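Asker: Sharing a structure, written as structure tokens. Questions coming.
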Amino acid sequence: MSPVPENCLAAAEGYRRVQRPISLCARLPGGEWPSDAAKSMLLKFGGAGTPKEEKEEMLRTLQELDPVARAEQLDAALRVLDGLAATNRWAMRRWPLRLPSKRVALGCYARLLDQMSAREPGSGGRMQEGGDSRRRRFLLALLRESVDTKGVYALEGQARQRQRRGVTMEEMLARTPADLETPTYEVLDSRPTWEVRKYDDFTVCSTDPTREVSADGMRVSAPSMGGAGAFQALAGYIFGSNERNEKMAMTTPVLSRTAADGGRKMSFVLPSRYWQITLGAPQASLADSEAPNGVADTQTDSMSEVDEGDRMLAKVPPAPKEASGVQLEDGGGGFLESSDVLAVVWFDGYAGKGDVDAQQRQLRALVDVDSEWEAVPDAQPTLMQYNDPFVLPWKRRNEVAIPVRKRQVVA
């Protein structure tokens, strides 16, 4: 009698398209998921011939699992890859041509995971979870990207190609989620690796990035991830946990910077309909400011007054719930406090602390020797991250910005 349940053996032979592609088969006696089923899942995702629709259904099924079951399935797949890396050096080589070998395909996953794990975790508390959680996130990101790629061999080739060449601002713009609103700016000056922008005012919601995940808050997919509590609070506010129960669209980027009290601060950008308002002003004053010469029209009938009130209310962001730890701020939450003109450098990867510090030092050095611009003294830098944590490092857009001004010419 085989110790592997019959339904697990069926899953290892291949997924039937008429069924859910990822089978929640019974665990082995030791409590682990069977390696054959995990290997089959990896090969289906990584196969060049697997239809996109089938990959999409597999990914949807995996993402719909409860966090514990999803972690167990990903751990089973990671054990398969770890075993391959430890025992098969031949499969761990990158071959010049795609070979019809399952072990070689799995080797592509293992090498990509090693490359991703070697990079420093993200700063700002967003991606500093423990080793196991990080590796699960990396693998899930690879599986998600495999849906739109002709196999894991091609995915690895894409990563190698992008890592060999420099990244232009045009490519960074292409990496920005097209369906998400972002602050508007004008490019005043361009250099090969950085540029100077003049930003329009925008409004944010902010919180402490070190806060804990709340049991009463919205569900987060990776509660062990650093910054998960801050994301939970800010996303909860955006998705309707506010005094008006108003749901708003997500935006980009996420901003991380030093707060006025010396602590850290994470901010989400609010939708643009809230950018042209001064927070904290009474609604009556806001309505009056729309009238000519700042004087309200006293002849307006009551219905018009109601319409005007509704219109102004639509421009004022909903207040955060009491004790939510979320604050509303204009001026980008301090981003534009020193100047609305900023020097910006772009880079990919996970924006680890070492990477961010290096980019900041490089940007300051470039500005220091520039003939037209100089850094504003004592101004704080800001990290901007445009992609969600499951986007692969070579497809990410990150930026570090420092306030600048026109260089003073000494007579």
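The values are calculated or read from the model by the stated rules, or taken from the named source; none is laboratory data. In this text, all values refer to a predicted model and were calculated from it rather than measured experimentally. For neighbour counting, all protein chains shown are included, and Cβ atoms are generated from backbone atoms with ideal geometry for every residue, glycine included.
Asker: Just checking, which of Ala351, Ala375, Ala358, Ala365 is without any contact (Cβ under 8 Å) to a residue 40 or more places away in the chain and closer than 24 Å to Arg134 by Cα? Give the steps one after another, and end with the answer.
Answerer: Details: Ala351 fails: without any contact (Cβ under 8 Å) to a residue 40 or more places away in the chain; Ala375 fails: closer than 24 Å to Arg134 by Cα; Ala365 fails: closer than 24 Å to Arg134 by Cα.
Of the residues listed, the single one that is without any contact (Cβ under 8 Å) to a residue 40 or more places away in the chain and closer than 24 Å to Arg134 by Cα is Ala358.
Asker: Something else now. Scanning for something among the basic types (Lys, Arg), surrounded by 13 or more Cβ atoms within 10 Å (Cβ to Cβ) and assigned to a loop (DSSP other than H, G, I, E, B), does the stretch 151-170 turn up at least one residue? First the steps, then the outcome.
Answerer: Residues of the stretch 151-170 among the basic types (Lys, Arg): 160, 162, 164-165.
With the extra rule that they be surrounded by 13 or more Cβ atoms within 10 Å (Cβ to Cβ), the set shrinks to 160, 162.
Imposing the further condition that a residue be assigned to a loop (DSSP other than H, G, I, E, B) reduces the set to none.
No, because not a single residue in the stretch 151-170 is among the basic types (Lys, Arg), surrounded by 13 or more Cβ atoms within 10 Å (Cβ to Cβ) and assigned to a loop (DSSP other than H, G, I, E, B).
Asker: Out of the stretch 357-388, which residues are farther than 14 Å from Arg407 by Cβ and touching an Asp or Glu at 6+ places or on another chain (Cβ under 9 Å)?
Answerer: The answer is Gln359, Ala379, Gln380, Thr382, Leu383, Met384, Gln385, Tyr386.
Asker: Which number in (1) at pLDDT 90 or above; (2) under 25 Å from Ala365 (Cβ atoms) marks the one condition that Thr184 misses?
Answerer: Condition not satisfied by Thr184: (2).
Asker: Considering only residues that are touching a residue at least 60 places away in the same chain (Cβ under 8 Å), touching a helix residue (DSSP H, G or I) at 6+ places or on another chain (Cβ under 6 Å) and under 14 Å from Gly349 (Cα atoms), which ones fall in the stretch 137-162?
Answerer: Within the stretch 137-162, Ala159, Arg162 qualify.
Asker: Next question, about the same structure. Among residues belonging to the stretch 171-199 that are charged (D, E, K, R) and under 23 Å from the mean Cα position of the chain (by Cα), point out the one that is surrounded by the fewest Cβ atoms within 10 Å (Cβ to Cβ). I'd like the intermediate steps shown before the answer.
Answerer: Of the stretch 171-199, the ones charged (D, E, K, R) are 171, 175, 179, 181, 186, 189, 191, 195, 197-198.
Narrowing further to those that are under 23 Å from the mean Cα position of the chain (by Cα): 171, 175, 179, 181, 195, 197.
Working: Glu171: 15, Arg175: 17, Asp179: 7, Glu181: 18, Glu195: 18, Arg197: 20.
In this case the residue turns out to be Asp179.
Asker: So, of the residues in the stretch 378-409 that are within 21 Å of Ala343 (Cβ to Cβ) and surrounded by fewer than 19 Cβ atoms within 10 Å (Cβ to Cβ), which turns out to be nearest to the chain's Cα centre (by Cα)? It would help to see each step written out before you state the result.
Answerer: Pass one, the stretch 378-409, residues within 21 Å of Ala343 (Cβ to Cβ): 378-386, 396-409.
Add one more test, that the residue is surrounded by fewer than 19 Cβ atoms within 10 Å (Cβ to Cβ), and what stays is 378-380, 405-409.
Values: Asp378: 29, Ala379: 26, Gln380: 22, Arg405: 30, Lys406: 33, Arg407: 35, Gln408: 38, Val409: 41 Å.
Step by step, filter the stretch 378-409, then rank; the result is Gln380.
Asker: Another one. Among Gln380, Gln385, which is the only one that is of a type in the set (S, T, N, Q) and more than 30 Å from Ser117 (Cβ to Cβ)? Working first, answer last.
Answerer: On the way: Gln385 fails: more than 30 Å from Ser117 (Cβ to Cβ).
Sole residue among the options that is of a type in the set (S, T, N, Q) and more than 30 Å from Ser117 (Cβ to Cβ): Gln380.
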